[in-house]
Amino acid sequence: MIVLGIDPGIAITGFGVVRVEQNRHIVLGYGAIRTSSQETTARRLEAIYGGLSKLIAEFEPDCLAVEELFFNKNSASAMQVGQARGVAILAGTHAGLPVFEYTPLQVKTAVTGYGRAAKEQVAYMVCTLLGLENPPQPDDVTDALAICICHGYNANNWGRRER
């Protein structure tokens, strides 16, 4: 199974592509789709959709896993993250992919065994589990790879919701 993991954001949408074979995870690719704050929101969302559509065509994933929205104090940024999430879900759905969502707590638990793990702990485990020398930058990319790992471990229905 090939998983396309997405950590959505309006400025940076992190992505990871991981092949899951039994309990082994093999990195096929990762990176970030970046948009400029000089662009309109509509153009930024269009760029995210286009970037994700290209990734889907290139890697031909079997599913898309995306992080659920974490509400923080800044409602404006939460709205923009929600819009980027919607675009990611739409890109996957348009490509005929099943889309799965995981909370940050579920991702951290799957990767580190502890749902309140620090970013550094998650990054360390992502590197360890995927055989990477250094955590990918920015953090959004590491988080997207963690989402792939989470889905790989939980593809048997533990804690996931398909949209």
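The values are calculated or read from the model by the stated rules, or taken from the named source; none is laboratory data. Quick caveat, the model's predicted, so the values are computed rather than measured. Heads up, the Cβs are rebuilt from the backbone with ideal geometry, glycines too, and the neighbour counts pull from every protein chain shown. We work out accessible area using only protein heavy atoms, side chains counted, and drop any ligands, DNA or RNA first. Shrake-Rupley method; radii C 1.70, N 1.55, O 1.52, S 1.80 Å.
Compute the distance in nm between two label points, each set 7 Å from the Cα along the Cα-to-Cβ direction, one at Thr93 and one at Asn134.
3.9 nm
If a paramagnetic tag sat 7 Å from the Cα of Met1 along the Cα-Cβ line, which residues of region 108-141 would have the backbone N under 14 Å from that point?
Inside the label zone: nothing.
Obtain the nm distance between the two label points defined at Glu68 and Asn23 by a simple spin-label model: each point lies 7 Å from its Cα along the Cα-to-C-beta direction.
Placing both labels 7 Å along Cα→Cβ, they lie 2.6 nm apart.
Return a whole-number percent for the relative contact order of the chain, with Cα pairs under 8 Å and 6 or more residues apart as the contact set.
Dividing the mean separation by the residue count of the chain yields 30 percent.
Only Lys, Arg, Asp and Glu count, each charged at its Cβ (+1, +1, -1, -1), so figure out the dipole size of region 8-163 about its Cα centre, rounded to 20 debye.
Charge dipole, region 8-163, about its Cα centre: 300 debye, nearest 20.
Once Lys and Arg get +1 and Asp and Glu get -1 on their Cβ, which of Gln38, Pro104, Ile48 lies farthest toward the positive end of the dipole of the chain?
Pro104
Rounded to the nearest 5, what % of DSSP beta bridges with both residues in the chain are antiparallel? Walk me through the numbers on the way to the answer.
Values: 18 of 26 bridges.
Here the antiparallel bridges make up roughly 70 percent for the chain.
For the chain, what does the helix formula give at 222 nm: sum of -39500 (n - 2.57) over DSSP H segments with n ≥ 4, over the residue count, nearest 500 deg cm²/dmol?
So the calculated ellipticity at 222 nm is -15500 deg cm²/dmol.
So if I place +1 on the C-beta of Lys and Arg and -1 on the C-beta of Asp and Glu, and nothing else carries charge, what would the dipole magnitude of region 12-77 be about its Cα centre? I want it in debye, nearest 20.
It comes to approximately 260 debye.
Using a 1.4 Å probe on the protein heavy atoms, what percent of the accessible area of the chain belongs to carbon and sulfur? Don't skip to the end; give the middle numbers.
Numbers: 4250 of 8330 Å².
Summing carbon and sulfur atoms, their accessible area is 51 percent of the total for the chain.
Tell me, in nm to one decimal, what length is gained between Ser53 and Leu105 on full extension, where the rule is 0.36 nm per residue of separation less the Cα-Cα distance?
16.0 nm
Using the Cα centre as the reference, give the magnitude of the dipole from point charges on the C-beta atoms of region 34-122 (Lys, Arg: +1; Asp, Glu: -1; all else neutral), rounded to the nearest 20 debye.
My answer is approximately 380 debye.
Leaving out ligands and nucleic acids, note down the accessible area per residue over the chain with a 1.4 angstrom probe, in whole Å².
Values: 8330 Å² over 163 residues.
Accessible area per residue: 51 Å².
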